[in-house]
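Okay, structure first, notes after.
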Amino acid sequence: MKPILACLLLIIANSVIAQSAIGQQIYIPANSNGYWGFINTTGEWVIEPQYEDAQSFSEGLAAVKYYGKWGYIDAQGKWHIQPKFADAKMFHEGIACVLQFDHWGYIDMSGQWIIQPKFKKASAFGEKKALVGSEGNLRIIDRSGSSAISFPVRDGITFSEGLAYVEYDGYKGYINPKGQWQIRHPYEKSFSFSEGLAIFKLNSQYGFLDVLGKKAVEPVFRDATRFSGGLAAVRQYQSWGYINAYGEVVINYKYEDATPFQYGYAAVKKDGKYGLINSDGGWVLEPRFDQLKKPNLAVPLKTISEAITRQKYQSWAERGEFETSEDYQRRLESMQSGAFTDGGYTELASLLIPRQRIRLGRYLADYEAFMVHVPYALPFMLPVDIEEARYIADLPGSAINWDSLQYSAINDRFVVSAAVAIINGKAYRYQAPNRTDLKSQVTFTKPVATIPNLDREAFKKDIPISNGSDVDQNIPVYKWQQDQIFALVIGNEDYSSYQNGLEHESDVPYAENDARVFAEYLKKTFGVPESNIQLLINGTTGQIRQGLSKLKAISKAWEGKATLIFYYAGHGAPHQVSEKPYLLPVDVNANNLEYGIALEEVYDYLSRYETRRSLVFMDACFTGAGREKALLASRGVRIQPKTPFVLGNLVVFSATSGRQTALPYHAKSHGMFTYFLLKAWQESDGKMKYGPLAEYLQEMVNKTSVLLNSKEQVPTVKVSPIFEYTWKDFDMYLDSTSSSSKRPFD
């Protein structure tokens, strides 16, 4: 999978290469052999086909159907919101409409309910309002769920570009946000405004209305889609083509199906297969797919813009080869506040928005301004005196030159913040009003000029280790902290001191060292803050349950954004009747497993609330054996435990398979499994992905165990069904794409 922030290529001078880089970030839902996945504009599968259905990306997430339920994935194909809904719609304005138990409600981007499911019918939010209710009895609500407009409507479509289509009191047309009629018309039906035009239906034919309710394009089409990118797909007889805002055919009627353009691409059907075209009608991908849906960026505009801006700032802040220290310091001090806050949007928009399709709409005399409609952006009003407007309105679009265009964004849609229209040599200027909601969308923490070097000496604090194994030294160091990763690390070695009658042979050699060094790798190699790591040596029942309860409380408080890690080295045992596996705290004997901690209970603690991911590393076996000696030496038959089912976001690495024993590696002063786990991280600087890591562990642990112990020991990996196709591409840098969850070490 290609890294999403490859879009940093956008800052390079060659616009052709930059446009290609943007194409890599546009994902298209595609169907292959009955399953849905996502391709990019080169036709490469970026998320393999595995879903029963899929919707286009919106605001960085895509709704997909998996095993009969809908959830939301990110651009990496990872579950952002677990599949648990009967139906789901795309995110708009940070809110999605989802169906649960035959009723619709609304969730935020963390999956939390903001309006409980209680509606038989519901629309997506548009301009902070939605339509909800039952058939023939709808009301318009705000984000709190309260009525935003006093009267109910029989039918309608949510707000777009300041207007909402409604049917009530015997009329059809559009109301403004105050509930006042703006347009009333006699047509059969009409739809939401997009780029200043709305589809209307008359005598089973479709045309387009402008913002004054006038016919902009006559109703002569059998079918039509909304305007997007300055073009609309329309059908004549059995073929689809594309027209511009003046009703002129731009791409001829030759397709069996067609979708709206999005950022220069549209999915169309030809000869029974779907392909991708550009806005000139040229093939980007020849038709070979069973089905394609609307393309869209797989990451929010804000994410790409910030990446561009951050890269531009860091390039600017880098000291030049021939720049003295004094000059460099003076240049840094001269930078104006806010100089690097929104340039990324403007640069991004220059690649995505076709300037030649910006057009003047209707003149609004009360405001003394023309409506200006910009592809993929919200409209704005250009101030022009009435007398001058009279002749400007009759000019062709080619007579207007647009200059000094600057952009911001709100609700993942471009907003023009400044523009100059050159008409007959005269400049007409637009400057966006000072809107606080617009500012909140485009400001972000300014990056530093240089990333501070990590003080490695601060991480060389002595830790108690047995014989100085090679993995205990030269631990790789990561320069970022991952603040949203939390760990419980347990090393249960000394059972004999806690239980009368046990010999030292029943202890678990090196379990304490395993846990301590594992915790050091978390801290140094993976940037987990020390305050986020619970290190428990020789943990009792109460202590382990307390640690697990804390992880559960963290997952609830962090509302799906936390990553949990659980490591255990110590004794395990199976229940003699149920054969369920149990962890054995140091104060619990294998004869009294009801006081132990069932492995399924551990999994429940880690998956009770949604997490980004929950990882388990288990250097223990559950057959009744031990590294040297079982807690019950008289137990002669090893039991193959019944492994609990893995749910939620769990990925479990276990030291053994079946009836095998988790053995020690005496020469390295570690458990065999833990030694090679740490060795893999040491040799790869922690960057080894789970798939190669699992293969490495299975090969090295088993070969070494057979050679030294004459016994097989094959580690295993178990994953939740939702990770079945993706887990091999995971790594430990779980928050590496989120600037809000990592920061440089001081």
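One residue alone among Val220, Val153 is exposed (fewer than 15 other Cβ atoms within 10 Å of the Cβ), β-branched (Val, Ile, Thr) and without any contact (Cβ under 8 Å) to a residue 24 or more places away in the chain, and that residue is Val220. Screening Gly68, Gly60, Gly43 for residues that are closer than 27 Å to Ala562 by Cβ and small (Gly, Ala, Ser) leaves exactly one candidate, Gly60.
Just one of the listed residues (Lys2, Lys89, Lys65) is at pLDDT 95 or above and over 20 Å from Asn649 (Cα atoms), namely Lys89. Yes or no: region 575-593 includes at least one residue that is under 37 Å from the mean Cα position of the chain (by Cα), among the β-branched types (Val, Ile, Thr) and either buried (at least 18 other Cβ atoms within 10 Å of the Cβ) or under 25 Å from Lys78 (Cα atoms) (or both). Checked region 575-593: no residue is under 37 Å from the mean Cα position of the chain (by Cα), among the β-branched types (Val, Ile, Thr) and either buried (at least 18 other Cβ atoms within 10 Å of the Cβ) or under 25 Å from Lys78 (Cα atoms) (or both). Against the numbered list (1) over 28 Å from His92 (Cα atoms); (2) in contact with a Phe, Trp or Tyr (Cβ under 7 Å, 6 or more places away or on another chain); (3) modelled with pLDDT under 95, Lys273 comes up short only at (3).
For region 604-616, the set of residues classified as in a helix (DSSP H, G or I) and either of a type in the set (Ser, Thr, Tyr) or surrounded by 18 or more Cβ atoms within 10 Å (Cβ to Cβ) (or both) consists of Tyr605, Leu606, Ser607, listed by residue number. Taking the criterion of being assigned to a loop (DSSP other than H, G, I, E, B) and over 21 Å from Pro379 (Cα atoms), the residues of region 228-250 that qualify are Tyr237, Gln238, Glu248.
Residue-level check: of (1) at pLDDT below 90; (2) surrounded by fewer than 22 Cβ atoms within 10 Å (Cβ to Cβ), Gln543 misses just (1).
Within region 118-148, the set of residues being surrounded by fewer than 21 Cβ atoms within 10 Å (Cβ to Cβ) and part of a loop (DSSP other than H, G, I, E, B) comprises Lys120, Ala124, Glu127, Lys128, Glu135, Gly136, Asp142, Arg143, Ser144, Gly145, Ser146, Ala148. Among the conditions (1) of a type outside the set (Phe, Trp, Tyr); (2) buried (at least 16 other Cβ atoms within 10 Å of the Cβ); (3) touching a Lys or Arg at 6+ places or on another chain (Cβ under 7 Å), Asn244 misses just one, which is (3). Within region 482-494, the set of residues being part of a loop (DSSP other than H, G, I, E, B) and within 30 Å of Glu559 (Cβ to Cβ) comprises Asp483, Gln484.
Taking Arg319 as the residue in question, decide whether it is surrounded by 15 or more Cβ atoms within 10 Å (Cβ to Cβ), more than 22 Å from Ile26 (Cβ to Cβ) and free of Cβ contacts under 8 Å to residues at least 12 places away in the same chain. Here the answer is yes, as Arg319 does meet what is asked. Leu212 fulfils the conditions (1) surrounded by fewer than 20 Cβ atoms within 10 Å (Cβ to Cβ); (2) in a strand (DSSP E or B); (3) of a type in the set (A, V, I, L, M) except for a single criterion, (2). Which one is modelled with the lowest pLDDT, of the residues in region 610-635 that are under 30 Å from Ser555 (Cα atoms) and acidic (Asp, Glu)? Looking at the filtered set, the residue picked out is Glu610. Taking the criterion of being surrounded by fewer than 19 Cβ atoms within 10 Å (Cβ to Cβ) and of a type in the set (Gly, Ala, Ser), the only residue of region 353-368 that qualifies is Ala365. Of the residues in region 667-684, at least one is more than 30 Å from Lys78 (Cβ to Cβ), surrounded by 18 or more Cβ atoms within 10 Å (Cβ to Cβ), of a type in the set (A, V, I, L, M, F, W, C) and without any contact (Cβ under 8 Å) to a residue 60 or more places away in the chain. If you go through region 329-348 one residue at a time, do you hit one that is among the hydroxyl-bearing types (Ser, Thr, Tyr), free of Cβ contacts under 8 Å to residues at least 12 places away in the same chain and surrounded by 13 or more Cβ atoms within 10 Å (Cβ to Cβ)? For region 329-348, residues among the hydroxyl-bearing types (Ser, Thr, Tyr), free of Cβ contacts under 8 Å to residues at least 12 places away in the same chain and surrounded by 13 or more Cβ atoms within 10 Å (Cβ to Cβ): absent.
For region 636-660, filtered to residues that are surrounded by fewer than 23 Cβ atoms within 10 Å (Cβ to Cβ), at pLDDT 85 or above and β-branched (Val, Ile, Thr), the residue that is nearest to Trp113 (Cα to Cα) is Val651. Within region 342-358, if we keep just the residues that are part of a loop (DSSP other than H, G, I, E, B) and of a type in the set (A, V, I, L, M), the residue that is nearest to the chain's Cα centre (by Cα) turns out to be Ile353.
Among the residues making up region 236-267, those that are over 20 Å from Ala216 (Cβ atoms) and either under 27 Å from the mean Cα position of the chain (by Cα) or free of Cβ contacts under 8 Å to residues at least 12 places away in the same chain (or both) are Thr259, Gln262, Tyr263, Gly264, Tyr265, Ala266, Ala267. Only one of (1) under 22 Å from Arg413 (Cβ atoms); (2) in a loop (DSSP other than H, G, I, E, B); (3) under 19 Å from the mean Cα position of the chain (by Cα) is not met by Gln76, so which one is it? Single failed check for Gln76: (1). Note on region 165-186: residues that are touching a Pro at 6+ places or on another chain (Cβ under 8 Å) and modelled with pLDDT of 95 or more amount to 1. Looking only at region 27-57, residues that are in contact with a Leu (Cβ under 9 Å, 6 or more places away or on another chain) and within 20 Å of Ile81 (Cβ to Cβ) come to 3 in all.
Got at least one residue in region 114-121 being under 16 Å from the mean Cα position of the chain (by Cα) and touching a residue at least 24 places away in the same chain (Cβ under 8 Å)? No, because not a single residue in region 114-121 is under 16 Å from the mean Cα position of the chain (by Cα) and touching a residue at least 24 places away in the same chain (Cβ under 8 Å).
The values are calculated or read from the model by the stated rules, or taken from the named source; none is laboratory data. Worth saying up front: this structure is predicted, and the values here are computed from it rather than measured. Cβ coordinates were reconstructed from backbone atoms using ideal geometry, including for glycine residues, and neighbour counts include every protein chain displayed.
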